[in-house]
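So the structure is just underneath, and the comments pick up after that.
The values are calculated or read from the model by the stated rules, or taken from the named source; none is laboratory data. Being a predicted model, the structure only gives us computed values, none of them experimental. Using ideal geometry, Cβ is built from the backbone for each residue, glycine included, and neighbour counts are taken over all protein chains shown. To get the accessible areas, we keep the full protein, side chains included, count just its heavy atoms, and leave off ligands, DNA and RNA. Shrake-Rupley method; radii C 1.70, N 1.55, O 1.52, S 1.80 Å.
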Amino acid sequence: MDADVIVVGAGPTGLMLAGELRLGGADVIVLDKLAEPTGQSRGLGFTARAMEVFDQRGLLPRFGQGETLETSPVGHFGGVQFDFTSLEGAHFGARGIPQSQTEAVLAGWATGLGAEIRRGCEVLSVADGFLDGDHAEVTVGTASGVRRLRARYLVGCDGGKSTVRKLAGIGFPGTEATRAMFLADVTGLDLKPRYLGETLPNGMVMAAPLKEGVHRIIVCPHGAAARSADESVTFEEVAKAWEHITGEDISGGGAEWVSFFSDATRQAAEYRRGRVLLAGDAAHIHLPAGGQGLSTGVQDAANLGWKLAAVVTGRAGEDLLDTYHAERHPVGRRLLMNTRAQGMVFLGGDPAEPLRRVITELTGYDTVRRHLAGIVSHLDIRYDVTDGAGDEEGAHPLLGRRLAKLPLTGPDGESDTFRLLHAGRGVLLDLVGDPGLRAAAAAWAGRVDVMTVTVSPADRGAVFAGAEAVLVRPDGHVAWTGTAGATGLGTALTHWFGAPAEG
Ligand SMILES: Cc1cc2nc3c(=O)[nH]c(=O)nc-3n(C[C@H](O)[C@H](O)[C@H](O)COP(=O)(O)OP(=O)(O)OC[C@H]3O[C@@H](n4cnc5c(N)ncnc54)[C@H](O)[C@@H]3O)c2cc1C
């Protein structure tokens, strides 16, 4: 084997996955067909949950703004603006962070952990045998010729047109693009910011400063026919569309980068087929509404990485890997639902005006704001963890959800729930100092850290709601809750972290 895992694609998803795999002790090679990163940035930020995922690994300071990034409390659903902070911990995400910077941060982190990134390596074929053999083999085109590489598993993080997905024969059902939309990084113009977009009779536009002297504009004219991948767009076309919508003439400016995108919406039928897995845009494409694509890819990687590492290092069985599709496919389906709904409202023109009004009225209600903020920030994600016994007495409100960032006092003094996850291991939080818990988890030492901690009485009541012990998975989601002397802990530990060590 050349590695435990070959990851195809050094975009944000593949790089996040590479770091996660390394934290779990797996050898990983990342292949990307590009000789160098493009430096271009489709995305300019990420959602609240993606930011938390980075925080769980201690990555936020690498973005150069300190421990917390600048976030926007006000976001939108389909262009209808409202305050996301109605939902505890929510915001519209970190904005103004070019995707190229996120990729550089993740590449530095992953390589620092020992991941090998090989650029100028294009995966051309996947050998048969990945379905029932004991490895996956790829043919890779490089400047110095074609070579073969083998690994226990292959993960396609190679974007919406994923070669790996096609070669593995995984279906990608969904809907075709119905329209073309444009983006341009324009120079020499003093544009009025339209951060969250402006819906006008002839279309929708967005504008935000990108860097000194450069603005990112998004232009979505009504009636622009969908384009195929081999077509292109010029700045002149974009300027014309901008003028048609806003009445403003920007043709005197220039553009550093011009591109187009669509509302094509598709999802891979299977996230795993034998020894091939898919994550990120390779598994789902959709209208980029609310900046959710990169953010979802990063969360796919956070869900898959620790599981795949546990399987290839022999700590857990293949059934753990099946929970990846079981948990992330429904999340992807919901992502497609929410972005399609947003597209109808945001880009639906005059016929959608009544719908916009109704949604605007609804956002006057706190429960509606909380619900929509939960969807777009990805803080509403809840996995079904009942197979791992869940809890003793039924559905504790934390079960399957992410544990929020909460201050606590632990063995090393002041800390917080995210800091405890930096190492990428499971964490069993003991809130009552029960020696029985430590003894019960002893056979999972090295996989699960048992931490006796004190949290504030307010969090103890509102968040932990009666739980005296909480098992948190490496991706930050709660797998089990219980009270002192609980019996189901061993079942949950075995389910999520493999059989207990002997002796
Ligand atoms: C206009 C626009 C704005 C967006 N804004 C946001 C935003 O603000 N926030 C957000 O979260 N998302 C946003 N997105 C979505 C985001 O850009 C994508 O979801 C994200 O890039 C997906 O990351 P990925 O790693 O899965 O795939 P990609 O970024 O597409 O990376 C795939 C990688 O695979 C490589 N590759 C492809 N084929 C092969 C092969 N055969 N062999 C080897 N390598 C291969 C490619 O070179 C590439 O490096 C936006 C998208 C658009 C279009």
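Our estimate of slack between Ala499 and Leu34, defined as 0.36 nm per intervening residue step minus the Cα-Cα distance, is 163.3 nm. Summing charges over neighbours of Met344, with a neighbour being any other residue whose Cβ is under 15 Å away from its Cβ, gives +1 when K and R count +1 and D and E count -1.
Dipole check for the stretch 397-503: with +1 at the C-beta of Lys and Arg, -1 at the C-beta of Asp and Glu, and the Cα centre as origin, the magnitude is about 280 Debye. Ligands, DNA and RNA excluded, the heavy atoms of Glu122 present near 80 Å² of accessible surface to a 1.4 Å solvent probe. Each label was represented as a point 7 Å from its Cα along the Cα-to-Cβ direction; for Lys166 and Arg118 these points are 2.2 nm apart.
Between 0 and 90 degrees, the angle of helix 293-312 with respect to the longest Cα principal axis of the chain falls at about 30 degrees.
Between Lys240 and Arg194, residue separation times 0.36 nm minus the direct Cα-Cα distance comes to 14.7 nm. For the chain, the extents of the C-alpha atoms along the principal axes are 74, 60, 38 Å, listed from largest to smallest.
Of all beta bridges that DSSP places with both ends in the chain, some 75 percent have antiparallel geometry. Basic side chains Lys and Arg get +1 at the Cβ, acidic Asp and Glu get -1 at the Cβ, and with that the dipole of the chain about its Cα centre reaches some 460 debye. Note that the stretch 313-318 has calculated 3J(HN,Hα) couplings of 8, x, 7, 9, x, 4 Hz, one per residue in order, obtained from phi through the Karplus relation 6.51 cos²θ - 1.76 cosθ + 1.60 (θ = phi - 60°); glycine and proline are x. For the pair Leu362 and Asp83, label points projected 7 Å from Cα toward Cβ lie 2.1 nm apart.
For a straight C-alpha distance cut-off of 30 angstrom, the lysines reachable from Lys405 (same-chain residues fewer than eight places away being disregarded) are Lys307.
For Ser125, nonlocal amide neighbours, meaning residues 5 or more places apart or on other chains whose placed amide H falls under 5 Å from its own, are Thr139. Within the full protein context, the accessible area of Cys121 is estimated at about 20 Å² for a probe radius of 1.4 Å.
Per residue, the chain exposes 40 Å² of solvent-accessible protein surface, assessed with a 1.4 angstrom probe and all protein chains in place. With the whole protein complex present, Val126 retains an accessible surface near 20 Å², based on a 1.4 Å probe. The Rg/Rh ratio for the stretch 1-85, using Cα coordinates for both the radius of gyration and the Kirkwood hydrodynamic radius, is 1.06. Taking the protein heavy atoms of the chain in the context of the full set of protein chains, the accessible area attributed to carbon and sulfur is 51 percent at 1.4 Å. Projecting the Cα positions of Gly253, Ala226, Val214 onto the charge dipole of the stretch 212-268 (unit charges on Cβ atoms of Lys, Arg, Asp and Glu, taken about the Cα centre) puts Ala226 furthest along the positive direction.
Dipole of the chain computed with +1 at Lys/Arg Cβ and -1 at Asp/Glu Cβ about the Cα centre; of Leu106, Val331, His135, farthest Cα towards the positive end is His135.
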